[in-house]
Amino acid sequence: MAPSFETLRDENLDDDDFDETEVDISDLKEKYDTQMEQGFDTFVVIDGLPVVTEDQKPKLVKFLLKKLNTAGKTREDLIFMPMGEDGKSLRFAFVEFSTPNEAAAAVRQLDYTPLDKKHTLRVNKFVDIEKYGAEGRVDEEYHPPQIEEFQEKEHLRSFMADPSGRGRDQLVMFRGDTVGVFWANDKEAPENIVDRQHWTETFVQWSPLGTYLTSVHAQGVQLWGGASWTRQRRFAHPFVNLVAFSPNENYLVTWSNRPISIPDDGHPALSLDDDGKNYVIWDIETGKPLRSFAQLEVAAAAPAGDENAPKKPVKNPWPAFKWSPDDKYVARLNQGSSISVYELPKMNLLDKTAVKIDGVMDFEWAPATVQRDGVKSYEQLFCFWTPEIGSNPARVGLMSIPSKQIVRSLNLFSVSDAKLHWQSEGAYLCVKVDRHSKSKKSQATTLEIFRVKEKGVPVEVVDAIKDTVINFAWEPKGDRFVIITTTEPVGATAVPPKTSVSFFCPEKAKGNAVGNFKHLRTLEKKNSNAIYWSPKGRFVVIATVANTQSSELEFYDLDFEGEKPESDKDLTANLQLMNTADHYGVTDIEWDPSGRYVATWASAWKHAMENGYHLYDFKGEQLREEPIEKFKQLQWRPRPATLLTKEEQKQIRKNLREYSRLFEQEDAERISSADVAVVEARRHLLNEWYSWHEQMQEELADERAALGLPADPIAELLEAKTAEVAPGGEEQVIEEIMEEVLEETEEIVN
């Protein structure tokens, strides 16, 4: 340890020869004084230990060592447990780890960890205790805490109560430098709620349940909400590029392409442990970071087992962290080797180790908590797939968390690629498998559908599809799906390829069972490349987006109430094209959360031609078209899940016709009141003109009287002319003959 400044002074100088007021010794003090942050950042202090004697101490140290080595590397001789004068321990210990990062991990993972039924560990950095416990930092005299006066906060879900009583949805629009939030109307212009310039620097984003509006800045991320749109939270992540929420809005992930650099004077939220990291996971309620991560790296062209090989960043897909539907777990893919599953809110690895899966290429959580047949214990599910490695086949697996048990696996051969598609309620998992022939010259696609809720998780194979599948989408809260295929190679081409749109649905089955999936209909020679289901199911928009040559929109109903073709009698769908539309240059499409409206827009981020948006109803009837210069973004505000039970929802559907009459009557009254308002406005304008005219006449009469002019010059002029024509005052009768042609015929005479 370097000698302190006081020791150096005492050894070399006498007090009589040294005057601190005359000599500037700040540079020497800075050089030789001990800095607590340097040299002690590998130490932690563990409190909450049981009281033991000298004979019991080795046993406790060994037991404690097992927990400590899950966070880092330490040894028995690096654990110092002070003993009191009575020969018993003082209930705390000092522990030295190999690196500062391991000490920080121990604090993060072991703090509040139960040691046994009666003792819970408290783990802190040694430098933090010295820093906050130094003289002057903590007042020795007890002062009771000051309880701040309660301040009522705004209701963050007040947007659920539309003041008009019409149950309208909100949307946000980003145009030019201005961001505005609006109440959506059908045929009328949207009603503005708030409009602010430079509200964001890059883009805006709603949280999954619509509670917050996210703005992104160079300094970090801000969340806005409430009726007055005040700032609710702030997350200081410099140069942030992307953000993602957990499904229940408890946590937030931020990512920056630039690694975090902590300045010398510190950071308001992050610490030195976060330096060099790219991802930060935050607790939204407290606004504090839970853990940070760096970009994944792999060895670049290095021999197997060479740990000193140079590293290069992996192309990290977004989102890099994927959430379980209940926010209890978040997982990250280590492509080719494992999946790291972390428990919230401590952010420690589940069972202290990653899930090792050789060759794993991708994984997806089930979007809802699935109640499987015969399984009563709590579980969350995720699926993964691995390619063919050597003589081993490709594999799709379904894993249960937290048990890490493989629920179902499926071996596949001749696999080129696979994509994982969950149905919104987790009832089905479709694995789109692209297979190649032995010569690898031809390719076909099969759809492997896992029936997750059924006993044993059976897998159904939909007939091989010879064309390349470029898009797949399940019906939300349903069991039907749509695919788009093409016979041409996938990739950038001068002319977009022709596509086919195919609809699939189950056969009818007895009771509540779902039959086998069958092909319903295929529409050939299309330009479509995108599928947008209504969030309530049943209706779907098949569209052509980001295509300069085509911009078609087709609105389909899969439960059409008209006559059903004979070939579809045994299927659970009746397909009908309701309407077609065209929006030139369309780049994005989004349904509102109620499934009543569809918004399409042409974003200035992608091209500068005819930017603006269109609004359609679910049947495809265009309600509104508004071109807006530099229009960038439109997003509907999501709604939280309904609080009504399934029985209450069934009752509403049963009485829907009665509600419909009421709503139609309200709409008619609103339209008629709008007509009355127009008439009243026009009458008001006419009355204003009359009053203005009378006022002008009075002012004109006053001016004439002041100038000595006649009050009515026209009447005076007429009297003068009459006197000239009849000087004797006799009346003259003037007779005027008028002719009117009633009919005229023209004949040609030879």
Check your understanding: Whose amide H sits under 5 Å from the amide H of residue 370, counting only residues 5 or more places off or on another chain, with H placed in the peptide plane?
Key -> 381
Check your understanding: At what distance in angstrom do the alpha carbon centres of region 518-585 and region 152-181 lie from each other?
Key -> 31
Review point. Which semi-axes, in whole Å and largest first, does the equivalent ellipsoid of the chain have when worked out from the alpha carbon gyration tensor as the square roots of 5 times its eigenvalues?
Key: 68, 45, 25
Practice item. Please name which of 330, 450, 718 has its Cα lying farthest along the dipole of the chain towards the positive end, using unit charges on Cβ (Lys, Arg +1; Asp, Glu -1) and the Cα centre as origin. Key: 450
Review point. How large is ³J(HN,Hα) for each residue in region 340-354, as worked out from phi by the Karplus curve 6.51 cos²θ - 1.76 cosθ + 1.60 (θ = phi - 60°), to whole Hz, x for Gly and Pro?
Key: 8, 10, 10, 8, 9, x, 6, 6, 9, 4, 4, 6, 6, 8, 6
Check your understanding: Dipole of the chain (Lys/Arg Cβ +1, Asp/Glu Cβ -1, origin at the Cα centre): which of 262, 546, 465 lies farthest to the positive side?
Key -> 465
Review point. Using helices alone, what [θ] at 222 nm do you get for the chain, with -39,500 (n - 2.57) per DSSP H run of 4 or more residues, divided over all residues and rounded to the nearest 500?
Key: -5000 deg cm²/dmol
**Study point:** Long-range amide H partners of residue 588 with built H, under 5 Å
**Key:** 601, 603
Check your understanding: Under a 5 Å amide H to amide H cut-off, with H placed in plane at 1.01 Å, what residues pair with residue 194 once short-range neighbours are removed?
Key -> 181
Practice item. Using θ = phi - 60° and the Karplus relation 6.51 cos²θ - 1.76 cosθ + 1.60, list the HN-Hα couplings for region 216-229 in order, rounded to whole Hz, with x at every Gly or Pro. Key: 10, 9, 5, 7, x, 10, 10, 10, 10, x, x, 5, 9, 6
**Study point:** Span from the region 263-279 Cα centroid across to the region 183-250 one, whole angstrom
**Key:** 25
Check your understanding: Can you run phi through the Karplus equation (6.51, -1.76, 1.60; θ = phi - 60°) for region 403-411 and list ³J(HN,Hα) in whole Hz, with x for Gly and Pro?
Key -> 6, 6, 8, 6, 6, 7, 9, 9, 8
**Study point:** Dipole moment magnitude, nearest 20 debye, the chain about Cα centre, only Lys, Arg, Asp, Glu C-beta charged
**Key:** 7120
Point to revise | Distance in nm between pseudo-label sites at residue 488 and residue 706 (7 Å out along the Cβ direction from Cα) | key: 8.1
Review point. Computed over the Cα atoms, what is the radius of gyration of region 35-133 divided by 2.2 N^0.38 Å, N being its residue count?
Key: 1.03
Practice item. Identify the trypsin sites (Lys or Arg not before Pro) of region 590-677 meeting these criteria: DSSP loop state and at most 13 other C-beta atoms within 10 Å of the C-beta. Key: 619
Review point. In Å, what Rg and Dmax follow from the Cα atoms of region 350-426?
Key: 13.3, 39
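Any read-out appearing in this document is the output of simple, stated calculations on the displayed coordinates, not a laboratory observation. It should be emphasised that the depicted structure is a prediction, and the values quoted were computed from it without experimental measurement. All Cβ positions, even for glycine, are placed from backbone atoms using ideal geometry, and neighbour counts span all protein chains on display.
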